[in-house]
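Quick notes on the structure that follows.
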Amino acid sequence: MAFVTFATVSAQDLRFGVKAGLLTSSYDGLALHNDDNGLSGYYNYPYSGRLSSTESSIGFYAGGLLEFGLVSDFKLQPELTLTYVPGNLGYIGVNVPVLVKYSFFDKFYAQAGPAVNFAVDGDNEQFSPSFDLGASYDLMENFYVELRADIGLSGYLGTSLNAGVGYRF
């Protein structure tokens, strides 16, 4: 019965949305793009004894989200985004954060929550859990801007800083 009540309340506050933006990403490019022999799958060169290679590049992301009210000023926002970071050892990734949003002021939200990241073009260490922390501001009823840090906990991802816009239907 509680599930039915929760589903009914959530369905009333459910909104779909799309989002896109720019990001700067730090990541371990050699760990992501090497085979079991320590060779880069893209360029076929050995590690030369290096255990990691911190790369940093600017890329972009686009995706969708669901947003529904929980209680009072809290909302839950699961997302699915596709990330493209160009470069010699860049990556294409799928990011799935589940954020809790809290409204401190009218139209301003703090957001935080866990995320899983998967590099679809990586050879090794394709999975990378992270924690997202950020803020968003509703410019209009459906249109918003956001700034977020995606902090890698292990795997290939270091930290990504995302700045973007979104539209909720």
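Checking every one of the trypsin sites (Lys or Arg not before Pro) in the stretch 56-161 against DSSP loop status and a limit of 16 other Cβ atoms within 10 Å picks out K107. Near the amide H of Y91, within less than 5 Å, lie the amide hydrogens of V85, all on another chain or at least 5 residues away, with H placed in the peptide plane.
Distances between placed amide hydrogens fall under 5 Å for D123 paired with H33, N34, all partners being 5 or more residues away or on another chain.
Just so you know, the Rg over Rh for the stretch 51-135 is 1.06, from Cα atoms, with Rh as the Kirkwood radius. Between R15 and F60, what's the calculated FRET efficiency when r is the beta-carbon distance and R0 is 30 Å? Round to 0.05. Using R0 = 30 Å, I get an efficiency of 0.80.
Take I151: with every protein chain present and a 1.4 Å probe, its accessible area is about 70 Å².
Using the Cβ of R15 as centre and a radius below 11 Å, the other residues enclosed give a net charge of -1, where K and R count +1 and D and E count -1.
The values are calculated or read from the model by the stated rules, or taken from the named source; none is laboratory data. All values derive from a computational prediction rather than experimental measurement. With ideal geometry, Cβ positions are generated from the backbone for all residues, glycine too; neighbour counts draw on all protein chains shown. Heavy atoms of the whole protein, side chains included, go into the accessibility calculation; ligands, DNA and RNA do not. Shrake-Rupley method; radii C 1.70, N 1.55, O 1.52, S 1.80 Å.
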